[in-house]
Structures are given as structure tokens and as C-alpha cells.
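Only the coordinates and a few stated rules stand behind these numbers; no lab work does. The structure displayed is predicted, hence computed values, not measured ones. Here Cβ is always computed from backbone atoms with ideal geometry, including for glycine, and neighbour counts include all displayed protein chains.
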């Protein structure tokens with residue numbers, strides 16, 4: 001495009017000695033950005049623009065300040081036939097335009113040139129892309145940093161990458177062959193290079209030419225043109241692949257434990273494996289399978305057009321499972337039948353052995369459970385619930401290692417009994433088991449009690465010194481009960497003793513090595529104490545290697561009756577008292593929540609055994625606070641907010657019915673406790689989407 005297409009046609013000029021303010025007025029009136037300035041010989045001496053006037057500042061309003069003082073000198077004069085690209089490269093903003101005779105015909109403003117050049121460049125870019133996209137060959141170009149700048153449609157199809165994704169990415173992210181980067185680095189052309197790319201659908205072979213892009217003697221990029229030449233070679237590879245596949249198929253068929261036979265529509269064998277020949281004593285040259293199977297199996301497959309399975313008996317007396325499958329051609333016609341033969345004799349024998357093994361395993365598991373129960377009863381453990389069975393299985397596994405154990409649970413659940421069990425089953429069982437109640441020792445005596453002290457360590461100290469609990473437990477187990485009650489300033493000392501496996505006596509100056517296993521216990525929420533800053537986080541993590549959460553007695557009610565019998569026998573022997581317990585008492589004791597857990601249950605049984613006058617403990621002998629926990633007592637319902645009445649009723653009914661079903665196990669018992677008909681419970685449970693056994 002030429003300057004004549006975009007220039008502003010005007011013949012306006014101004015003399016050098018004209019006031020600058022006059023030039024501004026002329027520009028405003030003509031709506032142009034600049035005016036050519038003429039000299040003494042009427043030639044163009046320069047150019048005055050709006051920017052020049054603004055740059056003059058306050059002087060521009062001075063009548064004596066002339067155009068010649070502010071104009072741009074040595075301005076380039078262009079002709080109407082000058083290409084716009086050349087005009088754009090010239091210095092300056094506004095240029096005078098002359099015709100072939102040298103006469104002024106207008107001015108050219110660069111602000112009008114830039115949009116037109118951009119449009120031209122965009123058009124040329126579109127043309128280039130259209131040309132590249134119409135090419136059958138793939139074309140990829142990169143800049144000097146290795147980023148993709150050109151990626152045509154053929155390249156999209158070949159690489160399975162979209163142009164929008166590939167452009168701007170480094171070549172290594174787009175395609176696997178990286179040789180184009182070598183061309184960029186070395187600046188050398190690579191011609192007629194053959195390479196292959198493996199896809200999920202197969203391999204493709206390509207021929208490529210790679211060339212560097214050179215500007216002003218410098219390599220600024222590289223371009224690769226490539227085409228798919230794999231058709232012939234791919235066909236050859238396919239043939240080799242089919243041959244290899246046939247060999248593999250033959251190997252698979254031959255290695256099968258089952259007999260495999262392939263027949264035509266007439267039942268003639270086309271292929272068979274060794275297992276088939278072994279089963280029937282036939283070879284590949286046999287006339288057909290009619291001598292081996294029932295005559296109609298092939299005909300049945302042809303008639304039904306689907307797999308047929310039947311059990312038959314061989315002449316030798318073995319039972320076999322025969323499955324015949326049709327194979328169809330491209331016209332959906334059955335042209336082969338694949339017969340699979342499995343000898344069931346050995347499988348039946350294995351099934352019988354498996355059933356015997358299962359029976360033996362169940363017997364061993366039952367005997368093992370009985371032995372475990374007997375063993376735990378000998379150690380004072382009484383349990384029946386699945387939760388405690390799993391817990392004690394874990395405890396037995398932990399007894400075989402020296403990992404630190406943290407026993408969690410409410411007061412009275414039997415944490416020390418579990419700790420004793422772990423110790424008695426461990427390799428440390430011959431060593432001491434020292435139990436320490438951390439909450440029962442005054443804070444100022446903790447260090448001396450646990451670590452011991454040297455002679456003369458403090459006033460009143462033993463003259464010979466004293467061994468602490470850690471030393472007394474050396475070679476055995478130290479049980480730290482109520483660990484959550486330790487003062488925080490002592491926790492760091494305990495942490496060091498556990499971590500470094502050494503202690504320092506009070507008043508001592510030499511650490512003493514210790515070899516103890518630590519079992520800690522607490523009824524506090526240690527995580528909450530850590531958040532509140534009352535328990536050290538590092539000590540918590542050191543103790544919480546293997547946590548064991550002992551469930552409260554109210555969550556394992558299966559253990560209540562066995563525990564009652566155990567405590568009754570215990571106190572019968574201790575006090576030579578023999579009493580029976582009425583069935584109604586068991587019901588009440590089962591309903592009680594036992595906030596004191598096993599310890600509270602033991603105390604209640606002892607109390608009933610020694611205070612009941614008769615030979616039978618009845619309901620009247622039970623302390624009143626136990627009866628208050630029976631279901632006949634209704635807990636107070638508190639409302640803390642405002643919700644729709646219907647929603648509140650549904651919420652209360654859902655909680656009451658869910659709790660009753662969970663506690664008593666059936667809609668009949670739940671209805672009796674809630675004092676409604678069973679049908680009411682079933683109807684409301686279905687309405688409120690509460691699962692129950694009668695669903």
C-alpha cells in the first residue's frame with residue numbers, strides 16, 4: 001500500500017517567521033496534526049506539529065515566539081508513491097507529502113499508518129496460515145528459545161496435538177523427536193531423515209527435512225517439514241505382528257491346563273492342544289470330536305448361535321465340563337467352534353479338601369478362641385463383646401514388640417489390667433512391672449520418685465540415695481497411669497528420659513541408662529490438653545505411638561453379665577457368702593449406664609453381696625441411683641432455639657426411635673419401652689427413614 005492511500009490532502013504551509021500561536025490555530029481549524037514549514041526559497045524547511053507547540057510550553061503564547069524556533073528541522077519528505085512500510089520506518093510523527101513534480105500535496109500522520117499496517121500484517125498472517133494448513137505435510141517451526149511458533153493442520157493430525165495447545169510451548173512438551181532442537185543449536189540442515197513414532201494404535205514412520213531459520217547471519221529459529229511414509233512399512237509390520245500373534249496364540253492354547261479344540265462347522269478338528277490329546281488320547285489327525293463328546297454339542301451351538309455348556313463322562317470314568325463357543329466371521333456366520341474341556345475330577349478332589357480344611361480351620365479358630373478366653377480368665381480378664389475381643393487381639397500383638405502404648409478410656413474401664421496383660425505376654429514378662437499413678441504424686445516429688453536421687457541430694461533424703469521408678473522397672477515395663485495429670489514443667493524431663501533412654505537422679509551428675517517399655521494411660525483428652533497448652537505436643541506424639549481406646553462398659557454390654565458372675569464368684573470365695581441374683585436385677589444392671597465402668601460394677605456387686613439379707617439379691621436390694629437409670633425414667637428435653645413445631649416433633653421422634661432401636665434391637669422392644677404399639681414404631685421409622693430389622 002502507498003502513502004497516497006492514507007495521506008491527508010492539504011496544501012497548507014506556514015512560514016518560519018510566523019508566530020507559533022498562528023500555527024496552532026491553523027492546525028485546529030484544519031484538524032491536522034502538523035503543518036509543513038517553508039523557508040526563504042519557498043522550499044520545505046521543516047515540520048511543526050502539535051507536540052512541538054505543546055513542548056514549547058508558555059512561550060507558545062508569546063507573539064514573538066516564531067514557528068522556526070519550535071519546528072522539527074531535517075524532516076523527511078516523502079512522495080505519494082512511497083510504500084507505507086518505508087514511511088513507517090522513518091523517524092518522526094508527521095511528514096510532508098509531495099507529488100512526482102515535488103509539489104506539496106498533503107501530509108502523512110503515523111497514527112493513521114499503524115492500524116493499516118496491522119491489518120496488512122494480520123491479512124498476510126492469515127494467508128500464510130491458510131497456505132501452511134493446506135499443505136499435506138506437517139510443518140513445525142520454533143523460535144530461538146525452542147518454543148513452537150508455527151503448527152499447521154497436518155502437524156495437528158500427525159502429532160495428535162491441537163494448534164492452540166502447542167503454540168507457545170517448548171518443543172519438548174509437544175513432540176517426542178527432539179532433533180529440531182539440534183538444528184537450532186548447530187545451525188545445520190538435516191535432510192531426508194527417517195524416524196518412527198509409536199502410538200497406541202501402532203507405529204508410524206515419517207520422512208522429514210529440518211532447516212535453520214537465519215536472519216542477519218544469526219540462527220533465530222528452525223523449521224521441520226515431515227510426511228507420513230509408513231503405509232507400506234506399516235503393512236509389513238502388521239504382517240509380522242500377525243505372525244507373531246499366531247505364535248503367541250498357539251503358545252497360549254498349548255500351555256492351557258484345559259483341553260482346547262477348534263473345529264469347523266462339520267465338527268472336524270482344525271487345531272487342538274496337548275491337554276485335549278492327553279484327556280482323550282486323540283491327535284490332530286482325528287476325524288472329529290464326535291468320538292469324544294456327545295454328538296449334538298456342535299449342532300446345538302450352530303442351532304442356538306451361542307455358547308453351550310454341559311457335563312459329560314469320559315470312557316475312563318472322569319467327569320469333564322465341556323463348553324463350546326461359536327466364532328463368527330464378518331458376515332456374522334458361524335465358521336468355527338471353540339471347545340473348552342476341563343477335567344473336574346481333580347477340581348472335585350480339591351473342593352473336598354478345601355471343605356475339610358475349612359472345617360478344620362473353623363474348629364481350630366473355635367479352640368483358639370476358647371484357649372484365649374481361658375488364658376485371659378487366668379489373668380483376670382473377663383469379656384465377651386466383639387470390641388474387647390478385637391482390643392485384646394491387638395494387645396497380644398503389641399506384647400511381641402516394645403512400641404510405646406497409650407491406653408485411652410474412661411476411669412474404671414480396666415486400663416491397668418490391659419497394661420498388665422501386655423507385659424505378661426511380652427519378652428519382658430520376667431522383668432518387673434511397675435505401675436505409677438502420676439496424679440497421686442505431689443508435683444515437687446515427681447522427679448525424685450520417678451528418677452530417684454543421690455545421697456545428700458536434699459534435706460531428709462535417704463543417706464544411701466534412692467532408685468526411682470524408672471530404675472526399678474529396668475528390664476521390664478513402666479506403667480504411667482493418669483499421664484494427663486503431669487505438671488507441664490516435668491513433662492519435658494519425662495520426654496527426655498523416654499527419648500534418650502536415660503535418666504539423671506536428683507543431685508546426680510551422671511546419666512544412668514535405662515531399658516524399660518513405656519505404657520501410658522489417661523482418661524483425659526490429650527489432644528484437647530495440647531490445644532489448651534496444658535500438655536506438651538512433643539511428649540504427646542512420643543507417647544501416642546500405638547493408641548488403644550478401651551470402650552466404656554455401656555458400649556459393650558455383652559460383658560456385663562460375665563463380669564457380674566465373675567465378681568459374684570470372687571466375693572463368694574472371699575467372704576464365704578453364696579447368694580443368687582434375681583433375673584430382674586440383671587435387667588436393671590444391663591440398663592444402667594455405668595459411668596464408673598468395671599470398677600463401679602465390681603463395687604456394686606460387692607455391696608449387694610455383703611449387705612443383702614436373704615439368699616437372693618432382688619430389685620429392692622438395688623441402690624436407688626441404679627434404678628433411676630432404667631428406661632422408665634424420662635430424661636428432660638431442653639429446647640435452646642426456635643424451629644417449626646412439626647420439625648421439632650419429627651426431630652425428637654427420630655432421636656427417640658433411633659436410640660430405642662439401637663439399644664434394644666427390635667421394634668417390639670422399642671415399642672414397649674416407648675409405650676406405643678409396635679405398628680406405630682414401624683410406621684414412624686419408615687416415615688423418618690430410620691433403618692430397622694423389620695424393614
Inset, instruction - Determine, for each peptide in 471-484, 267-280, the mean count of other beta carbons within 10 angstrom over its residues, then list the peptides with the highest first. - result: 471-484, 267-280
Legend entry - Taking the chain and dividing mean pair separation by its residue count, relative contact order in percent (alpha carbons under 8 Å, at least six apart): 6
Inset, instruction - Be a star and scan the range 156-182 for residues whose amide nitrogen sits under 17 Å from the point 7 Å along the Cα-to-Cβ vector of residue 231. - result: 158
Legend entry - Estimated FRET transfer efficiency when R0 is 35 angstrom, pair residue 616-residue 677 (beta carbons, to 0.05): 0.50
Inset, instruction - Measure off 7 Å from each Cα along the Cα-to-Cβ vector at residue 22 and residue 363, then give the distance between these two points in nanometres to one decimal. - result: 13.1
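At R0 = 51 Å, how high is the FRET efficiency between residue 44 and residue 189 if r is their beta carbon distance? Nearest 0.05 is fine. Each step should come with its number before you reach the end.
Numbers: r = 51 Å, r/R0 = 1.00.
So, using R0 = 51 Å, E works out to roughly 0.50.
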Inset, instruction - Report the antiparallel proportion of the DSSP beta bridges in the chain as a percent, rounded to a multiple of 5. - result: 75
Legend entry - Gained length - residue 81 relative to residue 157, 0.36 nm times residue gap less alpha-carbon distance: 22.8 nm
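May I ask you to derive the FRET efficiency for residue 537 and residue 430 from their Cβ-Cβ distance with R0 = 30 Å, giving the value to the nearest 0.05? Walk me through the intermediate numbers first.
Details: r = 36 Å, r/R0 = 1.19.
After rounding to 0.05, the efficiency reads 0.25.
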Legend entry - Ordering of 615-623, 31-39 by packing [mean C-beta count within 10 Å, highest first]: 31-39, 615-623
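Could you grab the relative contact order for the range 3-116? Cα pairs under 8 Å, six or more apart, rounded to a whole percent.
Numbers: 200 pairs, mean separation 35.9, N = 114.
Averaging sequence separation for qualifying contacts and normalising by length gives 32 percent for the range 3-116.
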Legend entry - Helix-only CD estimate at 222 nm, as mean residue ellipticity for the chain, using -39500 (n - 2.57) per DSSP H run (n ≥ 4): -13000 deg cm²/dmol
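Counting only C-alpha contacts under 8 Å and six or more residues apart, can you give the relative contact order of the range 379-551 as a whole percent?
Values: 304 pairs, mean separation 56.1, N = 173.
About 32 percent, as a whole number.
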Inset, instruction - Note down the nm distance, to one decimal, between modelled labels 7 Å out along Cα→Cβ at residue 13 and at residue 417. - result: 12.0
Inset, instruction - At 0.36 nm per residue, minus the direct Cα-Cα distance, what do residue 318 and residue 397 gain on full extension? Give it in nm, one decimal, please. - result: 23.6 nm
Inset, instruction - Would you mind checking the radius of gyration and Dmax of the range 3-116 based on alpha-carbon positions, in Å? - result: 13.5, 40
Legend entry - Cα centroid separation, the range 172-246 to the range 557-599 (Å): 86
Inset, instruction - Largest first and in whole Å, give the semi-axes of the chain's equivalent ellipsoid, each being the square root of 5 times a Cα gyration tensor eigenvalue. - result: 89, 57, 33
Legend entry - Gained length - residue 69 relative to residue 404, 0.36 nm times residue gap less alpha-carbon distance: 111.1 nm
Legend entry - Distance (nanometres) between label positions extended 7 Å along Cα→Cβ at residue 100 and residue 325: 8.8
